[in-house]
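Notes follow once the structure below has been shown.
Bear in mind these aren't lab numbers, they're just calculated from the coordinates by the rules spelled out. Quick caveat, the model's predicted, so the values are computed rather than measured. All Cβ positions, glycine included, derive from the backbone under ideal geometry; neighbour counts span all protein chains shown.
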Ligand SMILES: C[S@@+](CC[C@H](N)C(=O)[O-])C[C@H]1O[C@@H](n2cnc3c(N)ncnc32)[C@H](O)[C@@H]1O
């Protein structure tokens, strides 16, 4: 299988991860293994690489791409929230670096056949992990109108969320909505023609993104993961996160700000009584964005934001 995906901000990711021979690294979102392969090449000889993805296609691809490397490699097909359990299984207490490259791979979007794209006529599935229980068609055909509206508005920042949810509910009374093309058409019909004509993006872009986030519970998983990740790093260990959605970036930003914060005593006390020390150095005081020439060759990099910390 040829796995389509260009790794985003690769030189910057390698810089912030500070990989070196003999170190232990985790890529929590293998995708096409573009970042993974580059990380592996930097930790030879003697390094240990742990790769995770909830999509079995990514794991199969990683086996082909990474196995020829002369390195200890462990691959896990599951959600990255289980990283603490995987490290326990491997009897590894802490690692030197963790990468999260969130969102969707080009393979999932264009060739997985799971209805991620409004440009294709595929079953409305959108599960990154084919073993999880809820598909996009389950949500679309069973959720209350107000819950659908909330998802489209919150996760998709969709201005026409109310009209789209209403149209979906009207349509599904006649016949269950089963395919990505059907859903894309319903969204196009719900958005005023003048608006959709003037938009830079396809009218269904935001609805599809919101639905994918809801199906895979992407933000809940990220919040859970960010709670504990610092405990899994060695001193001077690095965490690097690439996010593609403003709410995703907000989760990362708030958590690393909290980890980087020292004394929390109220102002005016003569001396610190809380004894709280910062747990990380924030390496990206301002969010890091891709260069224009990267966006020109890889439009998927357009909205990416990079944040990184080093454990103290
Ligand atoms: C943007 S792609 C990663 C691309 C990769 N860095 C590369 O260089 O090819 C994101 C990947 O993360 C996976 N993913 C997203 N959320 C996940 C989660 N909570 N647990 C495990 N894998 C996840 C997706 O299945 C997808 O394959």
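Look at the Cα gyration tensor of segment 37-85: its axes a ≥ b ≥ c give a/c of at least 1.5 with a/b at or below b/c, and that counts as oblate.
Computed from the C-beta positions of residue 194 and residue 296, the FRET efficiency with R₀ = 30 Å rounds to 0.45.
Per residue of the chain, what 222 nm ellipticity follows from adding -39500 (n - 2.57) for every DSSP H run with n ≥ 4, rounded to the nearest 500? So the helix-based figure for the chain works out to -12500 deg cm²/dmol. Comparing 141, 230, 70 in a Gaussian network model of the chain, where Cα atoms under 10 Å apart are tied by springs, the biggest mean-square fluctuation is seen for 70.
The radius of gyration of the Cα set in segment 133-215, together with its Dmax, comes out at 11.6, 38 angstrom. With contacts taken as Cα pairs under 8 Å at a separation of at least 6 residues, segment 133-215 carries a relative contact order of 40 percent.
In the distance distribution for the chain, Cα-Cα pairs more than 28 Å apart total 44 percent. Counted over all Cα-Cα pairs of segment 87-193, pairs farther apart than 19 Å make up 53 percent. Considering only 180, 117, 142, the mean-square fluctuation computed in a Gaussian network model of the chain, springs between alpha carbons under 10 angstrom, is largest for 142.
Helix 180-190 and the longest principal axis of the C-alpha atoms of the chain enclose an angle of approximately 70°. Per residue, the average separation of C-alpha pairs within less than 8 Å and at least 6 apart gives the chain a relative contact order of 17 percent.
For the chain, the longest principal axis of the Cα atoms and the long axis of helix 218-228 meet at an angle of about 10 degrees.
Relative to the longest principal axis of the Cα atoms of the chain, helix 34-43 runs at roughly 10 degrees. When each of 74, 245, 35 is scored by the number of other beta-carbon atoms lying within 10 Å, the sequence from fewest to most is 74, 245, 35. Between residue 289 and residue 41, the FRET efficiency from the beta-carbon distance, with R0 = 22 Å, is close to 0.30. Dividing the mean sequence gap of close Cα pairs (under 8 Å, 6+ apart) by how many residues segment 218-283 holds gives a relative contact order of 28 percent.
Between 122, 145, 271, the GNM of the chain built on Cα springs shorter than 10 angstrom shows 271 fluctuating the most.
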